[in-house]
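Notes to accompany the following structure.
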Amino acid sequence: MPSQRLTDITSSTGITSNDLIHIVITADTSQNPAGSSYKARISQVQAGLSGRFGIANSNGVYTFYPKIQTAITAASAGQTVEVFTDYEETNAISIILKDNVDINFNGHTYTLNNSGTDNAFIDNSVVVECKLYNGTIIRKGSTSEAINTNNCLYLSEASTIITDCTLIGDKNVLTTNNRSATDVTIIGGNHISISGSTNGFIRLSSDSVFRNAYVECINSAATVGTIITSSNSRITNCIINSVGSGIPNTISATSDSQIIKCIVNSESTGIIILSNSNVINSYVTSNSTSSNGIIVRNNSQVINSTSIIQSTNASTAAIKIDTTTGSTIIGSTAYAPNTNGIRNDISGSYIYNSNSYGGDHGILFANSGTVENTSVISLTLNGINSAGSAGGKIKNCNVEAISNSSILSSAGLSQYVIQVNNSVVKSSWNNSGGHSIRFASNTSGHTISSCHLITSNSAANAILGNGTSGVNYVNNNYQGMTAATASIVQLTTNVQDTRNNILIN
Amino acid sequence: MGAVLIFLIERTNVFVSRAGALSQMYCSIKVNNCSFVSKSSQGIAVSSTGVLTVSNSVVESQLDTNAGHSIDINASTSGHTIVNNHLITFNSGANAINGASTGVAYSNNVYEGMTTSLVGVTQSITTTSDTRGNIYF
């Protein structure tokens, strides 16, 4: 009779982890040089051969750990801790990252579900460089929005973290609280807040870099916060979607910060830069009916960017310059079908090589500024309006108003005058009020030279004053009207030479 | 025959505080639809044998001395063209175009801020404009 082989034996059923097996521990030579025999429960074998978290040695053999912190602590520099199951931590525990130890989540989710204020992962005030990838980190169970609490990732030193994973927080998601004011770098990942945070669910400390990331606030809430930076921070190549019409701005950047190649979709103000900061090559939309697209303050610049808003608030604009010192807009597009394209509230501001479309004003100069090489269109009000006590310089521009005067100077103080040179200024309004340029007050010293002034109604004027508005108007071309000028006083007494050169005086 | 280097500047805005908005040394330059403002020097300064063309531009010097010319061509050269510009000085003793026996075709310019528009400049246009302001040269 042939001997029975193991494969001939009927498979057992009803095996539990308490059942016993025979095991030879090769490292134990007390019974035999080849190893010692023992019984073992199946559960003991499972614990030795698998686990929630593991580290592979150079031969690909894993050592497993029941806790991720235990695995990270055991890992050597250059090793990767792998996650083999979804895991929810309900105790008040922050996982401390280790320098040069990566975490591969293998598609799994790590959740910190606790009502306290702990952050899910931290650098514990030690500089760390590592990569968190291929998984999800969730922080939930707490309603606290306090700064530095309840983040998926909290860094308090100059760490560099590649977050090639998804971070989801009930409130806060990511905070860098850099005490030593050197670089903190966060690269990649999806950063999602369920309901936003009053203090911003992503807070970047001084000199931080945040790039190649997707940021989203899922739910509409009264206190939606998105990204708030400290000085010298850079946000590059990010997509930020903020839902909700809350108080904070989608991106709020303080001094000397840059926002580069970002797409911002907001239901409040898209971006506010507070001083000496830049928005470069970025695209901003705001669905709010009362907010600005980009607010520019204190010697800041908007360069090669686009801002589109749906605001109906007459004091807002797709790009608005306000507060203290002048700022600059270069090569950018502002589109606001229901309010102003660009609004300038600060003397000494510049708009270069840009496009501005406004349902109200194309450009509203609430204070003096200069606009050069720019195309401006307005739907209902003026293409460019110099309002209040402001003046303006308009050079090499195309300005068109669809249903109003194209340029209106309503300045009331004589020291502020407007200068329009080498520009095409057109009113498409087929109405006797559709003037090319109109002065609503009797100020004096304005200059209009080498312009093409066009009206669509013969009863309108190329230049209309308020009775005694004093204007140097020379070398202009007029088209569309019967009377080119009305109610203005020519200030220039010189005449052209035989080649049409003229000195205004 | 040597190569002719021409530098073209269009739709460009320059605002400088410590130098000329444009200083040309060794090549020919064409400036179209630009705005140049210098706070402490000439708007455009030419000091070589290159040829300068400036059209449809606003050139302003805010240097408040009689050296604050809008355009300064410090070379006894010819072939320069300056048309359809608004040339501004802050100082009434400065000039819209200051040359050194320089031949310039200048037409349809507006000068502002000075007492004397042109010094050291020879008009190279021999024709005159028609009654509609058009001119051929």
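The values are calculated or read from the model by the stated rules, or taken from the named source; none is laboratory data. It should be emphasised that the depicted structure is a prediction, and the values quoted were computed from it without experimental measurement. Here the Cβ positions follow ideal geometry from the backbone for every residue, glycine too, while neighbour counts run over all protein chains shown.
The table for this structure:
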read-out: Selected residue (only one of A:I42, A:I9 is modelled with pLDDT under 90 and touching an Asp or Glu at 6+ places or on another chain (Cβ under 6 Å)); value: A:I42
read-out: Only listed residue being of a type in the set (V, I, T), within 14 Å of chain B (Cβ to nearest Cβ), in contact with a strand residue (DSSP E or B) (Cβ under 7 Å, 6 or more places away or on another chain) and outside any strand (DSSP E or B), chosen from A:T492, A:T498; value: A:T492
read-out: For B:A100: the one exception among (1) at the interface with chain A (Cβ under 7 Å from one of its Cβ atoms); (2) of a type in the set (A, V, I, L, M, F, W, C); (3) closer than 20 Å to B:S41 by Cβ; value: (1)
read-out: Conditions (1) buried (at least 18 other Cβ atoms within 10 Å of the Cβ); (2) more than 10 Å from every other protein chain (Cβ to nearest Cβ); (3) touching a strand residue (DSSP E or B) at 6+ places or on another chain (Cβ under 6 Å); number of the one not met by B:A105; value: (2)
read-out: Some residue of the range A:383-391 being under 24 Å from B:F36 (Cα atoms), within 14 Å of chain B (Cβ to nearest Cβ) and touching a strand residue (DSSP E or B) at 6+ places or on another chain (Cβ under 8 Å); value: no
read-out: Filter pass, B:Y136 being at the interface with chain A (Cβ under 7 Å from one of its Cβ atoms) and hydroxyl-bearing (S, T, Y); value: no
read-out: Filter result (more than 14 Å from chain B (Cβ to nearest Cβ) and surrounded by fewer than 24 Cβ atoms within 10 Å (Cβ to Cβ)) within the range A:431-453; value: A:N431, A:S432, A:G433, A:A440, A:S441, A:N442, A:S444
read-out: Qualifying residue in the range A:283-297 (condition: of a type in the set (A, V, I, L, M) and surrounded by fewer than 19 Cβ atoms within 10 Å (Cβ to Cβ)); value: no
read-out: Restricting the range A:177-216 to residues that are farther than 18 Å from A:C262 by Cα and in contact with a Phe, Trp or Tyr (Cβ under 8 Å, 6 or more places away or on another chain), the residue that is modelled with the lowest pLDDT; value: A:N177
read-out: Strands (runs of 3 or more DSSP E) wholly inside the range A:234-351 that include at least 1 residues being modelled with pLDDT of 95 or more and over 18 Å from the mean Cα position of the chain (by Cα); value: A:328-330, A:333-336, A:340-344
read-out: Residues that are more than 17 Å from A:I330 (Cβ to Cβ) and crowded, with 19+ Cβ neighbours inside 10 Å, drawn from the range A:263-274; value: A:V264, A:S266, A:E267, A:S268, A:T269, A:G270, A:I272, A:L274
read-out: Meets criteria (more than 25 Å from B:V83 (Cα to Cα), within 14 Å of chain B (Cβ to nearest Cβ) and at pLDDT 90 or above) for A:S403; value: no
read-out: Among the candidates A:L167, A:L132, A:L112, residue that is assigned by TED's automatic domain parsing to the domain that holds A:N232, over 24 Å from A:R211 (Cβ atoms), in a strand (DSSP E or B) and not β-branched (V, I, T); value: A:L112
read-out: Condition met for A:T323 (within 25 Å of A:A401 (Cβ to Cβ) and outside the structural domain of A:N237 (by TED's automatic domain parsing)); value: no
read-out: Search result, residues across the range A:70-114 that are farther than 16 Å from A:C152 by Cβ and of a type in the set (G, A, S); value: A:A71, A:A74, A:A75, A:S76, A:A77, A:G78, A:G107
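For every residue, the table says whether it meets (1) in contact with a helix residue (DSSP H, G or I) (Cβ under 9 Å, 6 or more places away or on another chain); (2) surrounded by fewer than 17 Cβ atoms within 10 Å (Cβ to Cβ).
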| position | (1), (2) |
| --- | --- |
| A:E88 | no, yes |
| A:L97 | yes, no |
| A:D123 | no, no |
| A:T176 | no, no |
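Here is a yes/no grid of residues against (1) farther than 22 Å from A:N373 by Cα; (2) modelled with pLDDT under 90; (3) in contact with a His (Cβ under 7 Å, 6 or more places away or on another chain):
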position	(1), (2), (3)
B:S76	yes, no, no
B:S101	yes, no, no
B:N108	no, no, no
B:V121	yes, no, no
B:Y136	yes, yes, no
